[in-house]
1. Does Ser165 satisfy being within 14 Å of ligand 2 (Cβ to nearest atom), at pLDDT below 95 and open to solvent by 10 Å² or more (accessible area, probe 1.4 Å)?
2. One residue is enough: does the stretch 214-227 have a residue meeting the conditions open to solvent by less than 10 Å² (accessible area, probe 1.4 Å), among the hydrophobic types (A, V, I, L, M, F, W, C) and either touching a Ser or Thr at 6+ places or on another chain (Cβ under 9 Å) or at pLDDT below 95 (or both)?
3. Can you tell me which residues in the stretch 145-162 are of a type outside the set (Asp, Glu) and either surrounded by fewer than 23 Cβ atoms within 10 Å (Cβ to Cβ) or within 30 Å of Lys111 (Cα to Cα) (or both)?
4. Starting from residues that are assigned to a helix (DSSP H, G or I) and touching a Lys or Arg at 6+ places or on another chain (Cβ under 8 Å), keep the ones in the stretch 254-267 and report whichever is nearest to ligand 1 (Cβ to nearest atom).
5. Filter the stretch 228-259 down to residues that are of a type in the set (Phe, Trp, Tyr), closer than 22 Å to Phe140 by Cβ and open to solvent by 10 Å² or more (accessible area, probe 1.4 Å), then give me how many there are.
6. Inspect the stretch 273-285 for any residue being of a type in the set (A, V, I, L, M) and part of a loop (DSSP other than H, G, I, E, B) and give the result as yes or no.
7. Do we have Ser285 as closer than 29 Å to Ala377 by Cα, touching a strand residue (DSSP E or B) at 6+ places or on another chain (Cβ under 7 Å), more than 16 Å from ligand 2 (Cβ to nearest atom) and of a type outside the set (Phe, Trp, Tyr) here?
8. Mind checking whether some residue in the stretch 296-304 is acidic (Asp, Glu), crowded, with 16+ Cβ neighbours inside 10 Å and under 22 Å from the mean Cα position of the chain (by Cα)?
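The values are calculated or read from the model by the stated rules, or taken from the named source; none is laboratory data. Quick caveat: nothing in here was measured; it's all calculated off a predicted structure. Don't worry about glycine lacking a Cβ; one is built from the backbone with ideal geometry, like all the others, and counts go over all protein chains shown. Remember, those area values only see protein heavy atoms, side chains included, never the ligands or the DNA or RNA. Shrake-Rupley method; radii C 1.70, N 1.55, O 1.52, S 1.80 Å.
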Amino acid sequence: MATEMALVKHISKFSTSSPIFSNSRYGKFTTVRMSSTSQSTAKAAAKGGKKAAKTAIKETLLTPRFYTTDFDEMEALFNTEINKNLNQSEFEALLQEFKTDYNQTHFVRNKEFKEAADKIDGPLRQIFVEFLERSCTAEFSGFLLYKELGRRLKKTNPVVAEIFSLMSRDEARHAGFLNKGLSDFNLALDLGFLTKARKYTFFKPKFIFYATYLSEKIGYWRYITIYRHLKENPEYQCYPIFKYFENWCQDENRHGDFFSALLKAQPQFLNDWKAKLWSRFFCLSVYVTMYLNDCQRTAFYEGIGLDTKEFDMHVIIETNRTTARIFPAVLDVENPEFKRRLDKMVEINEQLLAVGETSDIPLVKNLKRIPLIAALASELLATYLMPPIESGSVDFAEFEPQLVY
Ligand SMILES: [Fe+2]
Ligand SMILES: [Fe+2]
């Protein structure tokens, strides 16, 4: 999986029983827990066995989230006796694809990782750590959600359930690989703690479908764009994890294609005016979240030779084109007004962050925030109301899942 916002977050979940997430191997490292409390920071430091207490990751509206849903409704949606639109032969074919497990032997590390990490210092080092932490959390979020769906749908629809389980396998691998990357920086995310301690955002099944589809596809476009850029500009290849993105992103692409098939099996989520409004809303949420997040971290993208805004716009445009194959309406992201409004939101967000950093008392800070939040909301609304692009196809005759290179 990949991105989100106060509006919508990255997708995922995992299980504490997976050996990938055991912390024991990181005994000599500091364990980082995602929490804003000093208490958990202290516990984390104690667990890590080092006197240096690492700062807990700061939770913000833009931090990747964990999701939960109405599993009873999910069961009804995937009951082949209730839903005659379920194309079991298509799901069987997808299942075979997942069983093939193209990336079974892909995520193997080598000594280049640690050597490269040791050479990254100064401000870029902290930015790298944050990138690994956020990515790991987002992948782990996918793992948790898919694992639970795999478990809950087993009786109702074993084929769909098995696909979810195999997708959770992929996300566990991705999260585990990123967490091992953190060990190169002498850190580890305590994923077992996160599983229990973090709040889960509830989304109805149809919102899970929209958000997860977008998250997988935007993840695909982010990974492949970074991979291609670094292949052409190897002088910026400062850490070997990016070399793995080419095959890695194909996992995300397959996950997105599976959600596309799920949406096709639920035409009520695609074929009316409400579906169009929700499609636009989720596109807006996911794109704005990514843009605001990345613009707060330009040093990371510049560190690997990318222009943050150009990179994000490329990812948004490509994701939107892909999404237009299935969503009944998408945003007109190629209209220059769209980017103008995004940039305005970045400015307002920077002012909001600046208010948070002043020494004013909380009441004064909140008063200062009111007009800025109103301005941000008004930009969001204006962007949402831009004339959309009608898209998708309820008969889906021309759409078939395929690998995109
Ligand atoms: Fe993933
Ligand atoms: Fe994924």
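1. Numbers: within 14 Å of ligand 2 (Cβ to nearest atom): yes; at pLDDT below 95: no; open to solvent by 10 Å² or more (accessible area, probe 1.4 Å): yes.
Answer is no for this residue.
2. Residues of the stretch 214-227 that are open to solvent by less than 10 Å² (accessible area, probe 1.4 Å), as a first pass: 214-220, 224, 226.
Going one step further and asking which of them are among the hydrophobic types (A, V, I, L, M, F, W, C), we end up with 214, 218, 224, 226.
Filter once more, keeping what is either touching a Ser or Thr at 6+ places or on another chain (Cβ under 9 Å) or at pLDDT below 95 (or both): 214, 218.
Yes, the stretch 214-227 contains a residue that is open to solvent by less than 10 Å² (accessible area, probe 1.4 Å), among the hydrophobic types (A, V, I, L, M, F, W, C) and either touching a Ser or Thr at 6+ places or on another chain (Cβ under 9 Å) or at pLDDT below 95 (or both).
3. Within the stretch 145-162, the subset of a type outside the set (Asp, Glu) is 145-147, 149-161.
Scanning the stretch 145-162 gives Gly150, Arg151, Arg152, Lys154, Lys155, Thr156, Asn157, Pro158, Val159, Ala161.
4. Residues of the stretch 254-267 assigned to a helix (DSSP H, G or I): 254-264, 267.
Of the ones still in play, those that are also touching a Lys or Arg at 6+ places or on another chain (Cβ under 8 Å) are 256, 260.
Working: Gly256: 11, Ser260: 16 Å.
Among those residues, the one meeting the criterion is Gly256.
5. Our first condition is that a residue be of a type in the set (Phe, Trp, Tyr); within the stretch 228-259, this holds for 236, 239, 242, 244-245, 248, 258-259.
Narrowing the set further to residues that are closer than 22 Å to Phe140 by Cβ leaves 239, 242, 244-245, 248, 258-259.
Within this subset, residues satisfying the condition of being open to solvent by 10 Å² or more (accessible area, probe 1.4 Å) are 244.
Matching residues across the stretch 228-259 total 1.
6. From the stretch 273-285, those of a type in the set (A, V, I, L, M) are 275, 277, 284; that's our starting set.
Retained after the next criterion (residues that are part of a loop (DSSP other than H, G, I, E, B)): none.
No, the stretch 273-285 contains no residue that is of a type in the set (A, V, I, L, M) and part of a loop (DSSP other than H, G, I, E, B).
7. Numbers: closer than 29 Å to Ala377 by Cα: yes; touching a strand residue (DSSP E or B) at 6+ places or on another chain (Cβ under 7 Å): no; more than 16 Å from ligand 2 (Cβ to nearest atom): yes; of a type outside the set (Phe, Trp, Tyr): yes.
No.
8. Here is the first cut: in the stretch 296-304, the ones acidic (Asp, Glu) are 302.
After this cut, where a residue has to be crowded, with 16+ Cβ neighbours inside 10 Å as well, the list is none.
So far as the stretch 296-304 goes, no, none of its residues is acidic (Asp, Glu), crowded, with 16+ Cβ neighbours inside 10 Å and under 22 Å from the mean Cα position of the chain (by Cα).
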